[in-house]
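K.L.:
Pasting a structure here, questions to come.
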Amino acid sequence: MTADEQASADGRARRVDLPIEGMTCAACAGRVESRLRRQAGVTSASVNFATKIATVVFDPDAIGRAGLARAVAEAGYEVAAPGAGATGAGDGSPTALESARARRLRVKLFVGAVLTLPVFVMAMSHGTIDAPEGRWSNWVQMLLATPVVFWCGSGFFRSSLAALRHGSATMDSLVALGAGAAWGYSAAATIWPGYFAGGVAHAASGAHHAGAGAPVYFEAAAVIIVLILLGRLLEARATGRATAAIGRLVELQPRMARVVGAGGERDVPVERVGVGDVVIVRPGERVPIDGRVEGGGSAVDESMLTGESVPVHKAADAEVFAGTINTNGSLRIVATRVGASTTLQQIVRLVREAQGSKAPIARLADRVSGVFVPVVLALAALTFGVWWTLAPGDERLSMALATSVSVLIIACPCALGLATPTAIMVGTGRGAERGILIRSGASLEGAHKVTAVVLDKTGTITQGRPEVTDVIAEAGVSEAEVLRVAAGAERHSEHPLGAAIVRAAAARGLMPAEAEGFRAVVGRGVEARVEGRAVLVGSAGLMMERGVAVALGADVRRLEEQGCTAMLTAVDGRVVGLVGVRDPVKPTSREAVERLRGLGLRVIMLTGDNSRTARSIAAQVGIYEVEAEVMPAGKVETVAGLQSEGHVVAMVGDGINDAPALVLADVGMAVGGGTDVAVESADMTLMRGDLRAVAEAIELSRATMRTIRQNLFWAFAYNTASVPLAAGALYPLTGWLLSPMVASAAMALSSVSVVMNSLRLRSALRTDEGRGAGRS
């Protein structure tokens, strides 16, 4: 399985990213996508015009990469061969292929500009350079313009011919037809001037003439090619900046690692490091793998992972992640995840998947682009016919040709095709830089509609690492015995409260006995046999459910009012004491809740904890709606209830106990904490434990959707206004026609402007003093 191919969730299907060559508009992407979807064994296919990537999920038993490549070829395009870069050597990655494309564009643009300049000068002289009795400048223009049209513009003609063979038309068809018509007419008028003489072209058409000779449009054909090549190059550079987030992430992976072996330390390529190897990371170096600190201590800058600039202290048994920076001490690390399984590489994969996906709003542009080219061809033909009929006899050919070529060029739907994917690319990349991993374009789009945010308490609002604050024993029982027995029952529990009790016992030097028959009672506590005695540890509700008389009621209430969870401990049917556990509130939770409320969102806290503790925690962070003692199924019911009221719900939890609610919510946000970036139940993963990332994700979604709407509006408005203008709608009022050269410049600028507008999203979530992050 190649680096761009992964197993899908069902374990059998495969996902592959195919770099597509030859796509020039959204209609091309739609054609490739449609062809791939019709292949046997293909589960889904999505083609991103901006990245030129086809993402396909398929059954490898039914079809392989070669079969998918054949399907793309049948649509008139090509799949770039793996391992072939610009010169036949390279990584074959989308970035390398895009760079190779940009280099080819630069060469052709340079040659075209050098040859076109004298053609343009001769044309704009309007015959003063030419002798009155001769037409030598026409021949010189043809000599210079021909390589511009047919070599510099060869890609347009090849693409349009390939599309024609498959019974379709693309944006390149418009360019090839427009430039080809201008060159063909001009060549015929130069070779057989007698057949075309007899009139002077309208000045606005930009035609060159001398005396009674026939007008020619060599400069229009050449300038069209040069300007569109310039637009493509600017577009490629801007799109490269849109995908720069992935490049920056990839560059964070060190190429070498210092591995400790039998012969001492040695530097080896990072891909040769295996799980269990010991790696030394010195001050100032990046960590090459995910691992566990075995020795040493240092502060590690994890901003690339979490978006937080404050370094995190790492000591023995702490986790460290590839790409983070060791600041001031030496670390000895045991590798736990290497290669594609590291957190950094999973982030790169998730961002690539998100940037290659489509948002639902893109469907409108896809539908329009799919029919746009045939409509433009029809409009160009209609324009030619109208001017041929209505224009004065000595000018009708030149006016009909100028207006129809202008319509062909200016109506190119490139801006429509770029409007959505460029914004999605920049938005998801910016999210990754801030520690917000967005699974897809649909997830990014959905977040802007959120009206209610449901927050789990433990690990989301609180730190998720509770601490024992009180141990209270009944008469005749020591506090140490209560803690030891409770720790024995909780030894096999994965719940944070149980882990806190076990840690507290260890800190006091108490050795918990081995438990037998351990069973977790979801949302209430645990039961087990410790030293032959039946032990219950949990809530008052669990005690009553098991028929145990609840004692220490006053202490329970006091602790719960202080925000603690009171864990009663019963031995053989009698309560012997309780353990008070508090999970401290994160310092940023109150600010985060205020930001969510400032966005106009309804904020609800859900917890399986008792009501008094839950309300105490909620009061600390400014939440007024609390649902306590809620089981996992109850969280699902709460989310469903909010949805039935018309709310668009975002559920924020740890992605494990909250998985059913995360799946049901319109937008599921898992607090990954840097240890599990691929929480399958969530639409977004918040890499840092800071709850402010929820508000940032929603702000980013709103900014992205605002940008997409702006892009679509201007793209539609541009085409709506420019086509009548190019067709000569103002001529009866002003006597002015749009030059094909101006039309090509306007078309190129429309595409570049859409991409540049999307790039403004890179400034979204700028860190502002006093509030953590600002809005775009």
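The values are calculated or read from the model by the stated rules, or taken from the named source; none is laboratory data. Note that the structure is predicted; figures quoted are calculated from it, not measured. Cβ: placed from backbone, ideal geometry, glycine included. Neighbour counts: every protein chain shown. Note: accessible area is taken over every heavy atom of the protein model, side chains too, but ligands, DNA and RNA are not part of it. Shrake-Rupley method; radii C 1.70, N 1.55, O 1.52, S 1.80 Å.
K.L.:
If you take every residue apart from Val279 with its C-beta less than 14 Å away from the C-beta of Val279, what net charge results, scoring Lys and Arg +1 and Asp and Glu -1? Intermediate results must be reported in sequence, preceding the final value.
P.N.:
Details: positive: Arg255, Arg258, Arg266, Arg272, Arg282, Arg286, Arg292, Lys314, Arg332, Arg337; negative: Glu265, Asp267, Glu271, Asp277, Glu285, Asp290, Glu294, Glu319.
Neighbour charge sum, excluding Val279 itself: +2.
K.L.:
Distance cut-off 24 Å, Cα to Cα: go down the list Lys586/Lys635; Lys449/Lys586; Lys52/Lys108; Lys449/Lys635 and report the pairs above it. All intermediate terms of the calculation are to be shown ahead of the outcome.
P.N.:
Values: Lys586/Lys635 22 Å; Lys449/Lys586 27 Å; Lys52/Lys108 21 Å; Lys449/Lys635 21 Å.
Listed pairs above 24 Å: Lys449/Lys586.
K.L.:
Of the accessible area of region 489-537, with the probe set at 1.4 angstrom, what percent is carbon plus sulfur?
P.N.:
Details: 1360 of 2590 Å².
Of the solvent-accessible surface of region 489-537, carbon and sulfur hold 53 percent.
K.L.:
Further, regarding this structure: For region 250-290, state which trypsin sites (Lys or Arg not before Pro) are in a DSSP loop and have at most 13 other beta carbons lying within 10 Å of their beta carbon.
P.N.:
Details: sites: Arg255, Arg258, Arg266, Arg272, Arg286; in loops: Arg255.
Those that pass, being in a loop and sparsely packed, are Arg255.
K.L.:
If you don't mind, there's one more thing I want to ask. Pairwise over distinct Cα atoms, reciprocal of the mean inverse distance: report the Kirkwood radius of region 392-491 in Å, one decimal place. Present the calculation step by step, with values, prior to reporting the outcome.
P.N.:
Numbers: mean 1/r = 0.0468 Å⁻¹.
The Cα-based Kirkwood calculation yields 21.4 Å.
K.L.:
Once fully extended, how much extra length lies between Met511 and Ile191, figured as 0.36 nm per residue of separation less the alpha-carbon to alpha-carbon distance?
P.N.:
Details: separation 320, 0.36 × 320 = 115.20 nm, distance 10.25 nm.
Extending this stretch completely gives an extra 105.0 nm.
K.L.:
Continuing with the same structure: Could you give each residue of region 546-554 its phi-based ³J(HN,Hα) in whole Hz, using Karplus coefficients 6.51, -1.76, 1.60 with θ = phi - 60°, and x for Gly or Pro?
P.N.:
Once θ is set to phi - 60°, the couplings for region 546-554 become 9, x, 9, 5, 7, 10, 6, x, 5 Hz.
K.L.:
Whole-Hz ³J(HN,Hα) for each residue in region 567-578, computed from phi via Karplus 6.51 cos²θ - 1.76 cosθ + 1.60 with θ = phi - 60°, x for glycine and proline: what do you get?
P.N.:
Taking θ as phi minus 60°, the curve returns 9, 6, 10, 10, 10, 6, x, 9, 5, 10, x, 9 Hz for region 567-578.
K.L.:
Let me check I've understood the local charge: for Thr389, count other residues with C-beta under 14 angstrom from its C-beta, Lys and Arg +1, Asp and Glu -1. What total comes out?
P.N.:
Numbers: positive: Arg396; negative: Glu395.
Surrounding charge for Thr389 is 0.
K.L.:
So how far apart, in nm, are the two label points at Leu117 and Thr451 if each is 7 Å from Cα heading toward Cβ?
P.N.:
A separation of 6.1 nm, rounded to one decimal place.
K.L.:
If I take R0 = 22 Å and measure r between the Cβ atoms of Val334 and Arg465 in this structure, what FRET efficiency does the formula 1/(1 + (r/R0)^6) give, to the nearest 0.05? Walk me through the numbers before you get to the answer.
P.N.:
Numbers: r = 23 Å, r/R0 = 1.03.
Taking R0 as 22 Å, the efficiency between Val334 and Arg465 is 0.45.
K.L.:
Please report, in whole Å³, the volume per residue of the convex hull around the C-alpha atoms of region 532-577. Let's see the in-between values first.
P.N.:
Numbers: hull volume 2.7 nm³, N = 46.
Dividing the Cα hull volume of region 532-577 by its residues yields 59 Å³.
K.L.:
Can I ask one more? Please compute, for the alpha-carbon atoms of region 480-543, the extent along each of the three principal axes and give them in descending order in Å.
P.N.:
Computed over the Cα atoms, the extents are 30, 25, 19 Å.
K.L.:
In nm, to one decimal, how far is the modelled label at Leu382 from the one at Glu74, with both set 7 Å along Cα→Cβ?
P.N.:
About 3.5 nm separates the two model spin labels.
K.L.:
Only Cα pairs under 8 Å and at least 6 apart count here; give the relative contact order of region 514-557 as a rounded whole percent. Mind showing how you got there, number by number?
P.N.:
Details: 47 pairs, mean separation 10.7, N = 44.
Relative CO of region 514-557 lands at 24 percent.
K.L.:
If amide H atoms are built 1.01 Å from N in the plane of the peptide, which residues on other chains or at least 5 residues away come under 5 Å of the amide H of Gly22?
P.N.:
The list, which skips near neighbours in sequence, is empty: none.
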